[in-house]
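Take a look at the structure below.
The values are calculated or read from the model by the stated rules, or taken from the named source; none is laboratory data. As the structure is a computational prediction, the values presented were derived from the model and not from experiment. Glycine gets a Cβ as well: all are built from the backbone with ideal geometry, and neighbour counts include every protein chain shown.
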C-alpha cells in the first residue's frame, strides 16, 4: 500500500480565498461556460489523465515545472514533461484502471485548486480510493507549479 501512496500524484491544500462583506465563499466551478483559463487547463489535465493520455496531460505543464508531492519528498522538485509522462506511464502499468473523479475546482488569479478522488486497483493492492487536493500555479496558460497533498497513511 505504501507504494500506492508514493506513486500517486495530486493532493490537498487548504486554499485561502478572500471573503467579501457577506462572508460568502467562492462556489466550486461546475459550469464550463463560466470557467477561467486556469480552470480550463486543469480540466484538460484531468480529462487527459482519465483517458491515460500522458503526453496530452504533460502538455498542460510548462516545459519544466515545480512539483511538491509526497512521492517526490518534502521539497519542491523540478520535473520535465518527459519525466511526468514516464511517472504516469509507470503508474498506469501498476493500476491500469486508475482514474480521478473531480469533486470541485476553485480559481483565484493564477491559482487553481482541484479537489478529487483518485481510484484504481491492482492484484497487489485490490481496489482503493484516495482523496487528493492539488493547487496549480499557472503562467501563460501552462502549469508551472503543482502542489499536491494527500494522506499517506
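Can you tell me which residue within the range 43-58, out of those that are crowded, with 16+ Cβ neighbours inside 10 Å and in contact with a helix residue (DSSP H, G or I) (Cβ under 7 Å, 6 or more places away or on another chain), is nearest to residue 83 (Cα to Cα)?
58
Among the residues that make up the range 85-100, is at least one of them surrounded by 14 or more Cβ atoms within 10 Å (Cβ to Cβ) and over 21 Å from residue 54 (Cα atoms)?
No, the range 85-100 contains no residue that is surrounded by 14 or more Cβ atoms within 10 Å (Cβ to Cβ) and over 21 Å from residue 54 (Cα atoms).
From 105, 117, which residue is at pLDDT 95 or above and buried (at least 19 other Cβ atoms within 10 Å of the Cβ)?
Checking each option against the conditions leaves just 105.
Kindly provide the set of residues from the range 120-130 that are buried (at least 16 other Cβ atoms within 10 Å of the Cβ) and closer than 17 Å to residue 50 by Cβ, ordered by number.
120, 128, 130
Pick out, from the range 38-123, the strands (runs of 3 or more DSSP E) lying fully within it that include 3 or more residues that are without any contact (Cβ under 8 Å) to a residue 60 or more places away in the chain and within 27 Å of residue 153 (Cβ to Cβ).
Per the criteria, 99-108, 111-122.
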